[in-house]
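S.K.: Submitted below is the structure of interest, expressed as structure tokens.
Please treat every number below as a calculation from the coordinates, not as lab data. Model, not experiment: these values are computed from the prediction. Methodologically, a virtual Cβ is constructed for each residue, glycine included, from the backbone with ideal geometry; neighbour enumeration extends over all protein chains shown.
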Amino acid sequence: MRLIVDGTPIPYQPGDKLLTAMLRNNIHPTGGGCLCTGGDCPHCLATVDGVSYVRTCQVHASPGMIVARDHTAGYPPLPEGNVYPEEVASRNLHCDVAVIGQGESGQAAATTAMAAGKKVITLDVDQGQEAIGIYNGPLVVARANGEMWYIHVKEEVIVATGAAEIHPVAPGNGLAGIYTARAAENLARAGIDLGKVISVGTAPNYVWHEHVSGRIMRFEGTDGKVSSVVVNDGATDQTYACDSVVVGLGFHPRDALRRMGHDLPVRAVGDAARESDIPPCPLAGTVCTCSGIGVEELDYIWDHGFHEMELVKRGTLAGTGTCQGSVCLPHLRSYLQDRGQELQPPFTARPLTRQVTLGEISAGAHHHAMAESALHDEHLKAGAQMERFGHWWRPWTYGDWQAEYWAVREAVSIMDVGTLGKIVVSGPDALPFLEKIYPTDIASIRTGRSRYVLLLDERGFVMDDGLVCKESDTRYILSLTSGGSSHSEMWLRDWAASGPYDVRIINQTMSLGAINVTGPYTNELLKRAGLEKPMRFMRHGKATIAGVDCHVFRLSFTGETSYELHHPLKDSVKLWRALLDLGQDLGIKPHGLEALTRLRLEKGHIIIGQDTDLDSTPRRIHHDWMVKMNKGADFIGRQALLRTNAIELDKMLVGFEMDTREEPNEGDTIWVGEEYVGYITSRTYSPILDKSVMLGWLFYQDGELPTDVTIKGRPAKRVDVPFYDKEAARARA
Amino acid sequence: MLALNRLDTTRIIATPAALDAAAYTKDAVVIRIAPDEALVIPAQPDLTVADEHAIVLQDSAWSGVWVSPEKAADILERHCEWEAPAALPAQAQGAVAGIPTKFYFDTDRVLVVIPSPYQREFEHRI
């Protein structure tokens, strides 16, 4: 059996860990440093089968495994270029007690919990189950044999991860050939010949060695390999020639998981709960291998007033590397105790305790789901380019936005508007409730009529817009923007619950389809489809259109005669196809958002969130005519408007024209001479006006709104909106 | 792959008392989305609700499928942070693979229901 290290096949024996296999072939990890074989230190990292930062002491060798050591600058290199991680499966598990570690104390804890009738989940690193973090819940996240486990714990997490050995800190501790006592024992059991061994501190078992006592002063060697160790016996420095140095400097608990769950029901047992041995204060050498922090850096930061463990960690980054302090923490505590005469507790531990791949970290996570309207496949069949818009997939264009535009202006067109928010409010308090919600005089809306409305927040800023359509004295239909319906529903429900309002609210946005029919031949098309008499502007009612029961709304966003046909979702395709069939000789075409955004801009209609900011009041967007301050009922935002309306305006959303077919960009700045005076929010070349038209925020200059401005180096003029059909004769036709 | 079908449902917003008292057909699965809202499968065209302001919507915008308890447990384990209820029958709702989902746990089978606009994405993710 062979695996490949740096392009060369090497043999290994059954049961070998990858590190063991490499050492068996006299290949050391290129990072150097003391090896622990316990998964604690960062000294055996390599890239394995394309995954960086793999602890080779924790991975079993397998045939054909590709290993790249190139661990020369403290860390293995990350992959170059774009890497698309393989998808990693996730699993959610639930238990009363989770036990991390299955040594003696871990097994005992699990047995005790099971005997008490608890549902127990155990994690055993020897079975490939490695806990990497504990989060609120508590939630234990573990990497387990190619999956990510999310363990939801009801009662307690028990950390039984044992203890780690203390690494030596002295000049030359980055040389290869230094081992902890436990590592030396493991390697000896695996049949690895360590050559002539000098042991310092607690001696290893099973390893032929010469034991010396005293403090390690430095390691010496050539070509990155240790050749001798200098030990002070209390009087003088003694040099011992060797092939390997084995150190037994004591233990400290592997308790990072317990520390990161310090305010959660997490406790440590066994060696993970022991007190840490504290090594002698380091005098010289590398303390934190991961971040390359030596004693001189600690001296520097101490001298600059960093005397607390958390500050030293932040000031030096010691303990923030891949081993998360497993190597440096006892030495940092010793250093600070020596300088400050006080033993400080370990620094805070935070997830993750282990490096993870992008695939692992994203396991089980999803981007926001995009909804598809009932006509999605019809759009695709018609060649639509679909775009994400307000959490929906919507047709941007069917290939020729100008043809779609002209179909609306000169013939007839349909658009899928099923994504628009559709909410019904019913109940004896529907009217007072809506009076509270909207700044409009709702009481003056007659049954069968609709009114354009703004939705304000408590600060009087515009949140959304839409229609209020009265069905009866106790029932209203609200139309909202596609992106705003979910938030608006919550807004309505919150206010309904907060007041004495006996109302029922249903969000039927996803339950109903809606098709907008628009253009000068709309009435003719709908007549053919069964609407005997054209409806008057801003009226609504029920009708059967092409055999489909619809609620029909007469309105206009395009500036042309327009109807919205709301209908059961199951009938959307039938209705869509029927309208296209019936309108063939009328020049019917579906239109997408690209055409619509231009059509609406010619009419000066705003899009909430695009043309408005978070501080847009009705007055700033020139919609104060929609606010009835004295309608006889308080409404949300009224108190704020009373105050802000008394303040002199500083800016307004206004229209601009430019005699060019060139379109400025949204966000382009507006200038008067050298002075910045605003920016563009919407722009289009208007085919019917043969000029560019825009909306933008304009700041007052000396109490006046400038008229002649410069946009993108070209002269532009502030004008009143709408740009097209100022009398709205076409929409009302 | 899990293949869902369009469902004919009735969605009702009414007072909790009216929803409790409504006479649903014997084969109806009633999922109480909220105290004042019920989703009833199959559709209940003749249902009367003792609330004059109730909103009753014959709603074809839901998709669903009956699955075995084992399959439901697998879906929950793979794609959901919450645990299946222990006592049956029961209902539950929340995000499954990031998509709003409702479960009706019968004694020997489980109904999975989602809004139809998410059907394709749900099938893909599951």
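S.K.: As I understand it, the dipole of the protein assembly as shown uses +1 on the Cβ of Lys and Arg and -1 on the Cβ of Asp and Glu, about the Cα centre. Which of A:Ser556, A:Leu352, A:His252 lies farthest toward its positive end?
M.R.: A:Ser556
S.K.: Excluding same-chain residues fewer than 8 positions from A:Lys651, which lysines have a Cα within less than 17 Å of its Cα?
M.R.: A:Lys717
S.K.: Just to be sure I understand the model, the point goes 7 Å from the Cα along the line to the Cβ. What's the resulting B:Ala23 to A:Arg661 distance in nm?
M.R.: 7.1
S.K.: Oh, and also: Length gain on complete extension for the stretch A:Lys691 to A:His622, per 0.36 nm per residue less the alpha carbon to alpha carbon distance?
M.R.: On the way: separation 69, 0.36 × 69 = 24.84 nm, distance 2.32 nm.
Gain in length upon complete extension: 22.5 nm.
S.K.: What do you get for the angle between helix A:329-340 and the principal long axis of chain A? Use alpha-carbon atoms, 0 to 90 degrees, nearest ten.
M.R.: On a 0 to 90 degree scale, this one is about 80.
S.K.: Using DSSP, restrict attention to beta bridges with both residues in segment A:168-248 and report what percent are antiparallel, rounded to the nearest 5.
M.R.: Given both bridge residues lie in segment A:168-248, the antiparallel proportion sits at roughly 50 percent.
S.K.: Would you mind getting me the FRET efficiency between A:Ala403 and A:Ala365? Use the beta-carbon distance for r and R0 = 56 Å, nearest 0.05.
M.R.: Approximately 0.85, to the nearest 0.05.
S.K.: Continuing with the same structure: Report the paramagnetic label zone for A:Lys381: residues of segment A:510-534 whose backbone N is under 19 Å from a point 7 Å from Cα along the Cα-to-Cβ axis.
M.R.: Answer for this model: A:513-516.
S.K.: Of the DSSP beta bridges with both residues in chain A, give the percent that are antiparallel, rounding to the nearest 5.
M.R.: Percentage antiparallel, nearest 5: 75.
S.K.: Sequence neighbours fewer than 8 away in the same chain don't count; with that in mind, list the aspartates and glutamates whose C-alpha is under 19 Å from A:Lys628.
M.R.: List returned: A:Glu435, A:Asp441, A:Asp457, A:Glu458, A:Asp464, A:Asp465.
S.K.: Hey, what's the Cα Rg ratio for segment A:609-719 versus the globular rule of thumb, 2.2 N^0.38 Å?
M.R.: Details: Rg = 15.8 Å, N = 111, 2.2 N^0.38 = 13.2 Å.
Segment A:609-719 yields a ratio of 1.20.
S.K.: Say each of A:Leu358 and A:Ala115 gets a label point 7 Å from the Cα, pointing the same way as Cα to Cβ; how far apart are those two points in nm?
M.R.: For A:Leu358 paired with A:Ala115, the spin-label model returns 5.0 nm.
S.K.: Right, something else. Would you kindly state how much longer the chain becomes between B:Thr48 and B:Ala95 on full extension, computed as 0.36 nm times their sequence separation minus their alpha carbon distance, in nm to one decimal?
M.R.: Extending this stretch completely gives an extra 13.8 nm.
S.K.: Pairing the Cα long axis of helix A:593-602 with the longest principal axis of chain A, what angle in degrees results, from 0 to 90 and rounded to the nearest 10?
M.R.: Orientation of helix A:593-602: about 50 degrees from the principal axis.
S.K.: I need the calculated FRET efficiency for the pair A:Gln107 and A:Asn205, taking r as the beta carbon distance and R₀ as 22 Å, to the nearest 0.05.
M.R.: Details: r = 23 Å, r/R0 = 1.05.
The formula returns an efficiency of 0.45 here.
S.K.: In nm, to one decimal, how far is the A:Ala733 label point from the A:Asn645 one, both placed 7 Å along Cα→Cβ?
M.R.: Label at A:Ala733, label at A:Asn645, 3.7 nm between them.
S.K.: I've got another one for you. Which values of log₁₀ I(q)/I(0), to two decimal places, follow from the Debye formula for chain A at q = 0.06, 0.08, 0.11 Å⁻¹ with a uniform point scatterer at every Cα?
M.R.: Those come out to -0.61, -0.83, -1.03, one per q.
S.K.: Please state the charge dipole magnitude for the protein assembly as shown, taken about the Cα centre, from unit charges on C-beta atoms (+1 on K and R, -1 on D and E), reported in debye and rounded to the nearest 20.
M.R.: Charge dipole of the protein assembly as shown: 1600 debye, to the nearest 20.
S.K.: A further question on this structure: Using only Cα atoms and rounding to the nearest 10 degrees, what angle (0 to 90) does helix B:69-79 make with the longest principal axis of chain B?
M.R.: 70
S.K.: If the reach is capped at under 26 angstrom between alpha carbons, list the lysines near A:Lys118, excluding any in the same chain fewer than eight residues apart.
M.R.: Leaving aside lysines fewer than 8 places away in the same chain, those within reach of A:Lys118 are A:Lys154, B:Lys71.
S.K.: Let me ask another. Kindly provide the chymotrypsin sites (Phe, Trp or Tyr not before Pro) of segment A:203-279 that DSSP labels as loop, not H, G, I, E or B, and whose Cβ sees at most 12 other Cβ atoms within 10 Å.
M.R.: A:Tyr206, A:Trp208
S.K.: Same structure, new question: If you place +1 on the Cβ of every Lys and Arg, -1 on the Cβ of every Asp and Glu, and leave all else neutral, what size is the dipole of segment A:372-601 about its Cα centre, to the nearest 20 Debye?
M.R.: Approximately 480 debye in magnitude.
S.K.: How big is the charge dipole of chain B about its Cα centre, in debye rounded to the nearest 20, if each Lys and Arg gets +1 on its Cβ and each Asp and Glu gets -1 on its Cβ?
M.R.: 320
S.K.: Follow-up question, since we're still on this one. Within segment A:1-38, which residues have the backbone N less than 15 Å from the label spot 7 Å out from A:Lys225 along Cα→beta-carbon, could you tell me?
M.R.: Only A:22-33 pass the distance filter.
S.K.: Among the trypsin sites (Lys or Arg not before Pro) in segment A:493-546, which ones are in a DSSP loop with at most 14 other Cβ atoms within 10 Å of the Cβ? Mind listing them?
M.R.: Counting only loop positions with at most 14 other Cβ atoms within 10 Å, the trypsin sites (Lys or Arg not before Pro) in segment A:493-546 are A:Arg536.
S.K.: With a bin width of 10 angstrom, please list the P(r) values of segment A:288-438 as percents of all Cα-Cα pairs, from the 0 bin to the one holding the largest distance.
M.R.: With 10 Å bins starting at 0, P(r) equals 9, 21, 12, 11, 11, 14, 16, 6, 1.
S.K.: Take A:Leu580, project a point 7 Å from its Cα along the Cβ direction, then tell me which residues of segment A:412-446 have their backbone nitrogen under 14 Å from it.
M.R.: Counting backbone N atoms under 14 Å from the label point, the list is A:413-416.
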